[in-house]
Amino acid sequence: MSNDASSVLSVARGEIGYSRYSDPEAGTKYGRWYAQQTGEAWYGGTGVPYCAMFVSWVFAHAGATCAGIPSVYCPYVRRDAESAGAIVDKASAQPGDVILFDWGGDGVCDHVGIVERNCGSYVQTIEGNVSGAVARRTRSWGVVNAVVRPSYGSDAAASGGSGSQASYGGLVLDGHAGRLTVAEWARQLGLSGSDADGYISHQYSGNKQYLARLESAIYNYDGYPSPTALAIQRKVGSSHLDGILGRVDVQNVQRWLNDTYGYHMVVDGYFGPKTAYNVQHSLNKGFWR
């Protein structure tokens, strides 16, 4: 498979007919996969809505990339795709695009699928979690909230990174830098054992506003440096090496990725979804080794 629409549609079509009710195991195959990717077992449990996990599974198995994917929550798909500039006009939807639906007309995305065909007055899709199944559907434009254009033909995805495809971290690109992301970050920076446990501890709570998506940071400042934070500071050339991450350090991370590997982030010093996504992408490339 390769990073193109035909690969995505081939994988999606192969799943039509799957039903959670005939699955012999608990939950769904897409939820179980997502649980393995994230280390969060509950995603694989019975009753978890799986439309976004289905789309994530399809893109992963097709070797394709899209801003906002993978994810489990439709509003986050919309938010992160919009942040990456990947939302396109609904009328221009084309095969392989990700399509988000708003059933209630309240502006909140409720469901997600993949465009199979733009039929002019309506759109044909392949969706997961349609009465528990993967199915082909036709939808009116009135229920479409947004259309997301994947980054076909570019292994750098929406992040703007560059370089040939490589496999290091195997991280889900969800824009949430939790324990798995931080553990891989620490390993690539040469740490091991308890220093690579996936937490950035000893952080100052006054900097929490700058580290929103650095989700395994622990704000228990006691004067001791975090080994992972200290290694990050050294790698990106911070002038102060105290093991306490703040806005200047986030700016240095953003600037280092932009200057060294061609990412295109705003250097604003906020570790938000796009910075987290790009860090995950760069770890999967092995750029921090």
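Every number here is computed from the coordinates shown, using simple stated rules; none is lab data. Just so you know, these numbers come straight off a predicted model, no measurement behind them. Cβ: placed from backbone, ideal geometry, glycine included. Neighbour counts: every protein chain shown.
So here's what we get for this one:
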item: Orphan Cys of the chain, criterion: no other Cys C-beta under 4.7 Å; result: CYS51, CYS66, CYS119
item: Amide proton proximity set for ASP110, modelled H, under 5 Å, gap of 5+; result: PHE101, ASP102, TRP103
item: Under-5 Å amide H pairs with LEU211, H placed in peptide plane, nonlocal only; result: PHE271
item: Kyte-Doolittle mean at least 0.5 and Cα axial length at least 20 Å: DSSP H helices in the chain; result: none
item: Label selected from (1) 39, 32, 18; (2) 32, 26, 16; (3) 35, 20, 17, the criterion being semi-axes √(5λ) of the Cα gyration tensor in Å as computed here; result: (3)
item: Net lengthening on full extension, ASP195/TRP103 (0.36 nm per residue, minus Cα-Cα); result: 28.5 nm
item: Full-stretch length increase - TYR221, ARG136 - with 0.36 nm per residue and alpha-carbon distance subtracted; result: 25.3 nm
